[in-house]
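These notes concern the structure reproduced below.
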Amino acid sequence: QVQLVESGGGLVQAGGSLRLSCTASGRTFSTPAMGWFRQAPGKEREFVAAISRNGVSAYYADSAKGRFTISRDNAENTVYLQMNSLKPEDTAVYYCAGGSLLLSSRPSEYNYWGRGTQVTVSS
């Protein structure tokens, strides 16, 4: 079993930055690809970014390209999401996901989920 814990969310003004962290514990060898998803009130959970086991390959939603960067530190079992130029429409609960064999944008491909961290961007 793998446990994922997110941190780093908060309230920020439009144009600002936040860095989210997701630390994995337990059977961490089971977390090949890692991803970030988000869910705004009244909306479905949507893909943000994913990164391969070795950190070489990354995959972004169109809404995240050019503004967000996903990275990982396998020695620390941690995945990061650097978010720049934040917009009010980025407001959501951000979830870390793990256990996918592929760089996938589909939530069903991931076996492990954190509880989420709230990101609120004010205009």
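The values are calculated or read from the model by the stated rules, or taken from the named source; none is laboratory data. This structure is a prediction, so every number in the text was calculated from the model and none was measured. Heads up, the Cβs are rebuilt from the backbone with ideal geometry, glycines too, and the neighbour counts pull from every protein chain shown. Only protein heavy atoms, including side chains, enter the accessible area calculation; ligands, DNA and RNA are left aside. Shrake-Rupley method; radii C 1.70, N 1.55, O 1.52, S 1.80 Å.
Here are a few things to note about the model shown:
- Neighbour-limited loop hits for chymotrypsin sites (Phe, Trp or Tyr not before Pro), segment 1-57 (at most 13 other Cβ within 10 Å; DSSP other than H, G, I, E, B): none
- Gap separating the Cα centres of segment 20-40 and segment 50-110, nearest whole Å: 9
- For Asn111, distant residues with modelled amide H under 5 Å away: Gly98, Gly99, Ser100
- Whole-Hz Karplus values for segment 89-100 come out as 6, 7, 4, 4, 8, 9, 10, 8, 9, x, x, 7 Hz, taken residue by residue from phi with 6.51 cos²θ - 1.76 cosθ + 1.60 and θ = phi - 60°; glycine and proline positions read x.
- Carbon + sulfur, % of accessible area of the chain - ligands and nucleic acids excluded, 1.4 Å: 46
- Within a Gaussian network of the chain (alpha carbon springs, distance under 10 Å), most fluctuating of Lys65, Lys43, Lys87: Lys43
- The chain, accessible area per residue, ligands and nucleic acids excluded (1.4 Å, Å²): 52
- Take the Kirkwood radius over Cα pairs of segment 12-51, plug it into Stokes-Einstein at 25 °C and 0.890 mPa s, and you get 192 µm²/s for translational diffusion.
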